[in-house]
Ligand code: GUN
């Protein structure tokens, strides 16, 4: 029987524990951990993500600051906003929702966020710390960190020797996921659009991490029987079967077929997605504890 990895339940356990820890932090520090989220523009999907992050932060006793700036905000104004958050001692974590409008240099903005407040783990200092294994100082990217926890839920805490094939090489998911699984003593292969014979490579994986952003690209017959499948994709596609104009979310893996073959698999929605927010909250508390030096 294929095990469905219940990301929603695992994330709820993590956020329940964080609520307790946040309460203790607030008692000791005199103020709650604070997450500031900056959204530029009105992209509806980004607005939903940002709202969900703010709601979760408040639910577990954090302070949530949400700054929504107009789509035509200048790069200079966004820089000023981030510099103000960097120097505000009451703000512990800063997240700038991506993608940014085309007239703003995303790399420049990411590099401007104070590394100790970079709860996305995207700043080159945090990327470097992840790559050198300096986990005491690093803040880890949320989706990859959540993916490792889900793999451990299926396979146990010791992942050493597992062959992980990460499909996708983005800075946000693919590359950091590869580093995190490497740190768990896995053997890691990163596959991408130029990889030769991707189906054959995926077939060698004990753990498949699908992070390509293409709906149901990874087919059931590519999966080795019994393998663990972590599907990072969240793709909105037409769903005429639900009625005219209706849509649904699907992952990067053909779930119906893969779940017949895999040993364990994450659903979409309800798999990696909820873990991303849980890890963002984990990073925010971690950042707050480091800044106030109270654990
Ligand atoms: N846009 C989509 N995913 C993310 C994320 O994890 N962090 C940020 N900042 N923006 C995103």
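Key figures for this structure:
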{"item": "Qualifying residue in region 249-271 (condition: within 22 Å of the chain's Cα centre (by Cα), within 16 Å of the ligand (Cβ to nearest atom) and within 17 Å of residue 59 (Cα to Cα))", "result": "no"}
{"item": "Test: residue 116 is under 28 Å from residue 182 (Cβ atoms), away from the ligand (no atom under 13 Å from the Cβ) and either buried (at least 17 other Cβ atoms within 10 Å of the Cβ) or at pLDDT below 95 (or both)", "result": "yes"}
{"item": "Close pairs (6 angstrom Cβ cut-off, 6 or more residues apart or separate chains): without any contact (Cβ under 8 Å) to a residue 60 or more places away in the chain in region 84-96, exposed (fewer than 14 other Cβ atoms within 10 Å of the Cβ) anywhere", "result": "none"}
{"item": "Flag for residue 59 being closer than 22 Å to residue 12 by Cβ, out of contact with any helix residue (DSSP H, G or I) (no Cβ under 7 Å at 6 or more places or on another chain), away from the ligand (no atom under 11 Å from the Cβ) and without any contact (Cβ under 8 Å) to a residue 40 or more places away in the chain", "result": "no"}
{"item": "Flag if residue 217 is in contact (Cβ under 8 Å) with a residue 24 or more places away in the chain and within 16 Å of the ligand (Cβ to nearest atom)", "result": "no"}
{"item": "Filtered residue count, region 115-127, keeping only those that are out of contact with any strand residue (DSSP E or B) (no Cβ under 7 Å at 6 or more places or on another chain) and part of a loop (DSSP other than H, G, I, E, B)", "result": "3"}
{"item": "Residue in region 156-175 that is touching a helix residue (DSSP H, G or I) at 6+ places or on another chain (Cβ under 7 Å) and surrounded by fewer than 18 Cβ atoms within 10 Å (Cβ to Cβ) present", "result": "no"}
{"item": "Residue check for residue 160: touching a residue at least 12 places away in the same chain (Cβ under 8 Å) and more than 19 Å from residue 279 (Cα to Cα)", "result": "yes"}
{"item": "Boolean, residue 130 is in a loop (DSSP other than H, G, I, E, B), touching a helix residue (DSSP H, G or I) at 6+ places or on another chain (Cβ under 7 Å), in contact (Cβ under 8 Å) with a residue 12 or more places away in the chain and within 23 Å of residue 146 (Cβ to Cβ)", "result": "no"}
{"item": "Only listed residue being crowded, with 21+ Cβ neighbours inside 10 Å and in contact (Cβ under 8 Å) with a residue 40 or more places away in the chain, chosen from 271, 263", "result": "271"}
{"item": "Region 133-168, residues that are under 24 Å from residue 192 (Cα atoms), in a loop (DSSP other than H, G, I, E, B) and away from the ligand (no atom under 16 Å from the Cβ)", "result": "159, 160, 161, 162"}
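The values are calculated or read from the model by the stated rules, or taken from the named source; none is laboratory data. As the structure is a prediction and not an experimental result, all values here were calculated from the model. All Cβ positions, glycine included, derive from the backbone under ideal geometry; neighbour counts span all protein chains shown.
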